[in-house]
Amino acid sequence: MFKNLFSYEGKRVVITGASSGMGEATAKLVHELGAEVVAVDIQPPKYDFASYVEVDLRDRVAIEQAVAEIAASRVHNLFYCAGLPGHKFSAVDVVTVNFISQRHMIHQLLPHLKRGDAIASVSSGAGMGYAFFGKHLQPFMAITDFADAQAWVAQNEKEAWFEPYSFSKMCSIVFTLRAGGAITTDTGVRVNCIAPGPTDTAMMPAFVEQTGADFFARYPKPIGRNSTAEEQAWPLAFLNSDAASYISGENLYTDGGACSGVLNGSIDAAAMMPDHYK
């Protein structure tokens, strides 16, 4: 019985960012658990999944065309694992891929999902400060049009408080917390996300280059190391499995205890902030 709760046998799942990092690890894991994996990425995966759909997640039309193609057959789950680091791409591209397209793809796919299906996304521990950015998040998140949201980012990216990666991940968390319950009430589809801490993927060097090696050296790691992509895939697979059938609208911190330490005061929050935020 318990083994079946974690099974993906008979399920067709869509995974964005499936060609590398957490998306690739998640695709491999749920494939091993029996899923038919539809890999969605701008580059083809290294592994032979059931199908591959090339999509540039910066392009609204491309997303809509991909969903129409994918949803021609039954879909049970979406894993939104695609993401861009902050400084190697424009602010508009980062916020688009990390949040605007996440939200858009979810709403495009929802009409094709059924009660009991589930969606899980990758946010980040970098978004844990969302409670302090409400005056900036609220006007942006009220914009539902894809192009208008991109225009807002372009208009605000020079503001002192704006950092595209952390802002996009704050939005992802807030969207999950707000929309999870509403979407589940309306459709019966569960919506959750995880918020990883530093994870050893191909994106990690870009984060170190952007934020500085000193910051990551002092970043609290209660477990004593970075996570692996596989350690982030496991909670994602759990959240979309039948074992999590009563969980929705939740952001699960998968950061080795860093956020918990901040909340209980055992970790100095200032130590987690890059110097340009102080």
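What follows draws every value from the coordinates through simple rules; no lab data is involved. Owing to the predicted nature of the structure, the values given are computational and were not obtained by experimental measurement. Because the Cβ atoms are built from the backbone with ideal geometry, glycine has one as well, and the counts that use them run over all protein chains shown.
Data table
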item	result
Two-decimal Rg/Rh across segment 2-58, once Rg and the Kirkwood Rh are taken from alpha-carbon atoms	1.00
Mean Kyte hydropathy of 1.6 or more with a Cα span along the axis of at least 27 Å, helices from DSSP in the chain	none
Loop-exposed chymotrypsin sites (Phe, Trp or Tyr not before Pro) per DSSP, neighbour cap 16 Cβ within 10 angstrom, longest uninterrupted part of the chain	48-160
Backbone N within segment 81-119 under 14 Å of label point (7 Å from residue 5 Cα along the Cβ vector)	none
Virtual spin-label span in nm between residue 46 and residue 230, 7 Å along Cα→Cβ	1.4
Sparsely packed GluC sites (Glu not before Pro) within segment 46-149, loop by DSSP, other Cβ within 10 Å at most 13	none
Mean-position separation - Cα centroids, segment 117-158 and segment 8-32, in angstrom	25
Distance cut-off 36 Å, percentage of C-alpha pairs in the chain lying past it	10
